[in-house]
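Colleague: Take this structure first; my questions come after.
Only the coordinates and a few stated rules stand behind these numbers; no lab work does. Because the structure is predicted, anything quoted here is derived from the model rather than measured. Cβ placement follows ideal geometry from the backbone for every residue including glycine, while neighbour counts extend to all protein chains displayed.
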Amino acid sequence: MLKLERGAGSEMPLPPELQKLLDRKSLLLLVKGETGTGKTTAALELMARLRTSGDTVHISTRSYPDKLVFQHALFSKLAAQKNIHFFSTLEFDPTQFVVAHNVVSGLLRLLSSMDNPLVVLDSWEGIADYVPPEARMKVEQSLMAVLEGTGARMVLVSEHPETNSTLDQLAEAILVLHQRVIDDRRVRELEFRKLRGVPIRQERYLFTLAGGRLRYLEPFAFTLPERTSMFRPLENTSTHMSTGSRDIDALLGGGVPRGSTVLLEIRGDVPFEGQIYVPLTALLNFLATNNAVMAFPYSDYDPTRARLFATQFMPEDVYNANMRVFTTDKVDDPVAIKFSLNPTEDFDKWLGTYSAYKAEGKTIWMLMALDTVENFYGQGVMNFLATVASRAAVNKDIQSIVARPNLQLTQKVANISQIHLVLSQRWGTLILYGVKPRTGFYALQFTFGHGYPEFELIPLEDISLAGEAGPEKERPPSVTFPGRRHEVRTDFFEAVMNSLNRSKKGAA
């Protein structure tokens, strides 16, 4: 099972557009979305990013502060800060918000009493819905004047994703959260509906709340580092061959079982680089562990480019000894074997190469582009693949087939495969998931942290912070808030200011 560190690190990736916006000194940011889209967690994430040495106040109209511990992995750390304060309007008489003047003057007094104020209000409707409709527009217009006059930054959560209110027109930024169900799996999307003064590079991004943090998922990009390093392979076991990726090995229960046929199906508009680089760590791991790779590559295979790329991460003699590529083109490369398109003759070449590697005691990964193999063997392609699958099962090798979109043979190949993975993309982010065995959605992110290509799989489905599955799971630290005694009809904003003043005196 993939392990996800809850709240690891104080900084999580943010879209560059949003990061630029958060640097502003005065800000009104709206977070909108339907119920369950992650607005509360998003608001807490923004609060964690925006907080400074000044005063931060979080006001919830929907929950009590001690319940928020299950909403964000950093909540306990935030609540322990002397200058961060959590309040709930549920303890007060809401009819005090009916008078528009009370809302505006209350916010003005509160923000004026704070140092470098940051306020998160979750949600705005919890107060504004009590204001008479004819006065609400004036309240929202006055709110902008209050923010500008006090130099405050404010994050407002709204249950209404449509953008037609006065606040929508006045706010510097509007973030709308969505969730979609694709193949019975949930995907979350972050939409930039408005970013005043900041160019919107991309309208939507995927994000995840797994691990109790809001993390945006970067669109696919594969850029080599200035300095590369030799690939450090992962160990194979007596029962499994490593894919070269700890995360993918974990997803498959320890790697690929020896003797398996694996289908990697490409769905949708996956960039070509993504299609060829996803199997890359497995290829490097096989070669670096002195095992062999026999490949039927895509028709646009470039042997010079492939050699230059692979030998950045391993010695060239290892590549020459353990790599073989079958092609119909005449290729001047030591690892290339030319096929004549005579099925019997070509199979003998393939079998001779296979037998030679087995005589050396190597485990073989037979990597095949399905459309290329179909061009080689025509109607006999399934017989060939079934023969290879049978040979792999007997000799504990691996057959891996990559199927580009819309190939008619894909389902037939799926029927003879023990593992069926799908690679797709949404809003530029690569998504990997298992059909057989069934898995959740994972965003696939490339890293070069050690100087060679690695994958990080980031769960797109939420991982609960409640730890209800058993005592072995980490539970969020408990948070105790001091009792605040007040009459029900106490002025809410006055109570917040008094609490802030007491806190400052206690810290002095």
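Colleague: Largest first and to the nearest Å, give the Cα extent of segment 1-137 along each principal axis.
Modeller: Ordered largest first, segment 1-137 gives principal extents of 53, 32, 30 Å.
Colleague: Let me ask something else. Give me the compactness ratio for the chain, meaning the Cα radius of gyration over 2.2 N^0.38 Å.
Modeller: Dividing the Cα Rg of the chain by 2.2 N^0.38 Å gives 1.22.
Colleague: As a footprinting exposure proxy, order F222, F441, F347 by other Cβ within 10 Å, with the fewest listed first.
Modeller: F222, F347, F441
Colleague: To the nearest 10 degrees, how steeply does helix 492-507 sit against the main Cα axis of the chain, on a 0 to 90 scale?
Modeller: Result, in degrees: 80.
Colleague: Magnitude of the Cβ-charge dipole of the chain, K/R +1 and D/E -1, about the Cα centre, nearest 20 debye? Please report the intermediate quantities before stating the final value.
Modeller: Details: 56 positive and 58 negative charges, 195 e Å.
So the dipole magnitude of the chain works out to roughly 940 debye.
Colleague: Let me ask something else about it. For segment 87-180, just say rounded, prolate or oblate: build the C-alpha gyration tensor, square-root its eigenvalues into a ≥ b ≥ c, call rounded for a/c under 1.5, and beyond that prolate if a/b exceeds b/c, oblate if not.
Modeller: In terms of gyration-tensor shape, rounded.
Colleague: Where does helix 381-395 land angle-wise versus the long Cα axis of the chain, in degrees 0 to 90, nearest 10?
Modeller: Here the helix axis deviates by roughly 90 degrees.
Colleague: Right, here's the next one. I'd like to compare 350-362, 118-130, 99-111: which one has the highest average count of other Cβ atoms within 10 Å, and what's the full order after that? If you can, show how the numbers build up before the last one.
Modeller: Details: 350-362: 14.0, 118-130: 21.2, 99-111: 18.8.
Going from most to least packed, we get 118-130, 99-111, 350-362.
Colleague: Can you put R438, R267 in order of Cβ neighbours within 10 angstrom, beginning with the fewest?
Modeller: Arranged by neighbour count, lowest to highest, R438, R267 become R438, R267.
Colleague: For the charge dipole of the chain, defined by +1 on Lys and Arg C-beta atoms and -1 on Asp and Glu C-beta atoms about the Cα centroid, which residue among L423, T328, A42 has the Cα displaced farthest towards the positive pole?
Modeller: A42
Colleague: Compute the angle between helix 100-112 and the longest alpha-carbon principal axis of the chain, please, reported from 0 to 90 degrees and rounded to the nearest 10.
Modeller: Between the helix axis and the principal axis of the chain, the angle is about 70 degrees.
Colleague: Work out the length of the dipole vector of segment 16-209 about its Cα centre, built from +1 on the beta-carbon of each Lys and Arg and -1 on the beta-carbon of each Asp and Glu, and round it to the nearest 20 debye.
Modeller: 600 debye
Colleague: Tally the DSSP beta bridges in segment 240-459 and give the antiparallel ones as a percent, rounded to 5.
Modeller: 40 percent
Colleague: Continuing with the same structure: Tell me the mean residue ellipticity at 222 nm calculated for the chain from its helices only (DSSP H runs of n ≥ 4, each -39500 (n - 2.57), averaged over every residue, nearest 500).
Modeller: So the calculated ellipticity at 222 nm is -9000 deg cm²/dmol.
Colleague: Looking only at the chain, where both bridge partners belong to it, what percent of the DSSP beta bridges are antiparallel (to the nearest 5)?
Modeller: Once the DSSP bridges in the chain are tallied, antiparallel ones form about 40 percent.
Colleague: Filter the cross-link list K349/K436; K82/K194; K20/K82; K362/K436; K138/K194; K39/K77 down to pairs whose alpha-carbon distance in this structure exceeds 30 Å.
Modeller: In this structure, K349/K436; K82/K194 exceed 30 Å between Cα atoms.
Colleague: May I pose another question? Expressed as a whole percent, how much of the Cα-Cα distance distribution for segment 240-459 exceeds 29 Å?
Modeller: Result: 20 percent of Cα pairs exceed 29 Å.
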